[in-house]
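A.B. asks: Sharing a structure with you now.
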Amino acid sequence: MALYDVNGNQINDVYDVLGNPLNSVYDVNGNAIFAPLPLDYSSYTTTDLFTYAANGFDGFDVYDGVIAQLRADNQLYLFGIDGTTIATAITATSGHGDSASFAKERYYPTDEFPLLYITPDTSPSKVYVTRITRSSTMLTKTLLFPTDKAGYYAAAAYDEKHQIMYMVGYLEQNYQTDDGGNNKTVVSKWDMTNLTQNQDGSYTPTFISRYFRDFIFVMQGLQWFDGYIWIASGYNNGGNQYIYAMNPTDGTIEHTILLDDHIEIEGLAWIYDETENKYWMLIGQQNGSAGINYSRIDFATAT
């Protein structure tokens, strides 16, 4: 049976960028086929899941129950959500591996995993579009974002439905202080349907626009979900850790999740629970030599 969106356009792939069913799928008459429970982001609880005892983890994402976790030494680790180790120390072009997000597109249609978009935390900013398996990786394309438009140390949040890449960086070459009030967070918008090839073989999407907003401290693990840019903010400096849902239009923080255990947040991912018909958030926090702590954040159902 063919599926259609609310405008009557046929849908061939009914999964979102995370590999989960789309938030709203409609038949040809406009009747909803699937609609997960709406979430109340202001009401949440946190549950510890497991800890992996190794140092140096960074950004990650989840696809079909598999955590793809980057390390700062150009390595990729794979875990199950239950803590099962699938693969360790797979060589990957990732640099610092600040953020990672699965796309919907696969390199080969038969690949287990879709392409993984990796932000290496560099200036000028880059995104490594990477094919991964359970034993290897392959860099398929490098996206380059000029510093004069994207700012320094920009991380990516990909709105794949509209093929827009948002880069969130810094006006000054500093991600830990606001530099006496002069530093700002830079949010830039890029058209992924129109790429220009550079002399070094990388590609730059077409620049659309950018704006400045108040400084956000140490942004990591960016993800696009529910129309927001989700940002993990914090560092191993004894301060509180935050997760922000930022409106991409003007940079307004619409929702804030406070984690007061002072353990640095390295990344986050959204997971759909078929049994409960709702999404929950997986977070990873680097606790020094103790390793990476994975926790689950559940949200109340919106009324």
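A.B. asks: Just one of 150, 100, 154 is hydrophobic (A, V, I, L, M, F, W, C), in contact with a helix residue (DSSP H, G or I) (Cβ under 9 Å, 6 or more places away or on another chain) and surrounded by 17 or more Cβ atoms within 10 Å (Cβ to Cβ); which is it?
C.D. replies: 154
A.B. asks: Let me ask you something else. Out of 207, 225, 215, report the one residue that is under 15 Å from residue 127 (Cβ atoms) and either of a type outside the set (Val, Ile, Thr) or modelled with pLDDT under 90 (or both).
C.D. replies: Going through 207, 225, 215 in turn, just one is under 15 Å from residue 127 (Cβ atoms) and either of a type outside the set (Val, Ile, Thr) or modelled with pLDDT under 90 (or both): 207.
A.B. asks: Among the listed residues 198, 183, identify the single one that is in contact with an Asp or Glu (Cβ under 6 Å, 6 or more places away or on another chain) and either in the same structural domain as residue 264 (by TED's automatic domain parsing) or charged (D, E, K, R) (or both).
C.D. replies: From the options 198, 183, the qualifying one is 183.
A.B. asks: Listed residues 149, 141, 126; which is modelled with pLDDT of 90 or more, among the basic types (Lys, Arg), closer than 25 Å to residue 199 by Cβ and more than 19 Å from the chain's Cα centre (by Cα)?
C.D. replies: 149
A.B. asks: To continue, here is another question. For the range 39-68, what are the residues that are under 20 Å from the mean Cα position of the chain (by Cα) and not in a strand (DSSP E or B)?
C.D. replies: Selection gives 56, 64, 65.
The values are calculated or read from the model by the stated rules, or taken from the named source; none is laboratory data. On a predicted model such as this, the values are computed, not experimentally measured, just so you know. Backbone-built Cβ (ideal geometry, glycine too); neighbour counts: all protein chains shown.
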